[in-house]
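The structure appears right after this line, and notes come after that.
The values are calculated or read from the model by the stated rules, or taken from the named source; none is laboratory data. Given the structure is predicted, the values throughout are model-derived calculations rather than measurements. For the accessible areas, the whole protein counts, side chains as well, though only heavy atoms, and no ligand, DNA or RNA atoms are used. Shrake-Rupley method; radii C 1.70, N 1.55, O 1.52, S 1.80 Å.
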Amino acid sequence: MPPSHPHSLLLLADPWFRGLLPPGGLVVDATELLDGSPFPCSSFLNRLSPTLVRGNLWWSDDKIHRSDGIFAPAPNLPISFCLRSPNSKPPQRAEDKPSKQATMADSPSFRRHPLPFSIDLVRWLPSSTSSGRLLAAAVHDPTIPASSHLHLLSLPDPASPLASLPLSSRPTALRCSPSVLAAATSSGSLHLLPSSFDTDSVISIPSGAGFHVGPVRGLDCGGEEWVTAGEDGRVHLVSDGGDGRVVARRVWDGKGMLGYETARWASSAEFATGGAGCGVQWWDRRKGDAVVAQCKAIWGRGVAAGMVHSVDIHPSRKHICVVGGSSGAIFAWDLRWPQQPIPLSGVGLHETAEPVCESEVWEVLFDNYTQSSDIISAASTRILPVMMCSEDGILAIVEQDERPLELLAEPCAINSFDIDPQNPSDVVCALEWESIGVLTRGRDAMAAE
């Protein structure tokens, strides 16, 4: 049981609310109160804020104890709890400013846009001043069969799609190159259309024995070719076949012995994949489309095997990739030392790798907007700042040997996010509760104190 905080509050609770709390004294990250006075549980429930998941609550001696945290009023909405180990340190919030920690010169602003559909994936599209800010969103309506679409949305009003493309099944991967937008689906199909969203120019590859059978979760553009990797264990390279056709060439077939969750190009000849049963693999087309290096990944204490969900490769340091996966694990893999993955976050991984979350890390991206807390050179072995999102609603920046910097703490999963390549201060998120969130960071660069 965690020790009592000097400023803890003792709040009355009835058996119904006790049933929401975990047994055994686990600390619970929960929504905060509107004031500091104790009151009956019914009033407590009506005055919870699900907009920020802050602070710690735990159950002991028929009372709920609360330690320090912050709150934001939003009554009459569902509540959400996120388990945290009693001994784990809370993620750093943007308003905390310890020495040598990257902090924001200007406070970020966050705007949530409710939508009439569920958003699985979201990406920024190339935009001009005349066209405004454009987004591609992979959406579905869980109440209507065969209701999956790819929407073209505009800011600041994304509620009314500018254009829409029906998809054969629920979207599982979404990527945008300077000229092409690509979406893959749970049935195994691939759809390519111009980034201008000309739906009359769509080229599709159907699912089946010649392509993928089942969800395609790994998708990325490598200039002239796209790479696809699926849960069926297959890896394909897709290229222009001329006359409005595309050609898919199978590179590998795991035959059900492994499954892929992500794929990312490093150069026109090299790409990385990750998933279940394979860790992270590095492929080199110059060596017969073969896996030339492999990392089995590192997982938290008590986790025998995990799953890689996302891989990103830094554009100027292509020998380094960052990986997000199960149990809050985030680590870097440097091909110069392939047997020594570098932990960045995770439960029980390393005393200097504080866990930013304990759930699935759905996406990781190098964040070139955030300056490292140390001045580094291109030859340095230090890992540059990384942004991540998770199933328990965390959007944060992690950096080697530094405390995580929490940007958002939502009461629902953040399914995906994207950093605007044209304005890297802006981040768009797909929230599980049928909304898109746009985080605008300070226009001044983030800098160390």
Rounded to a whole %, the carbon-and-sulfur portion of the accessible area of the range 141-268 at a 1.4 Å probe is 53 percent
In terms of the alpha carbon gyration tensor, root eigenvalues a ≥ b ≥ c, rounded if a/c is under 1.5 and otherwise prolate when a/b exceeds b/c or oblate, the range 176-320 is prolate
With every protein chain kept in place and a 1.4 Å probe, the range 161-203 has an accessible area per residue in Å² of 38 Å²
The range 207-329 accessible area per residue, 1.4 Å probe, protein heavy atoms, integer Å², reads 40 Å²
Spelling it out for Ala329: with amide H atoms placed in the peptide plane at 1.01 Å from N, the residues 5 or more places away or on another chain with amide H under 5 Å from its amide H are Val361
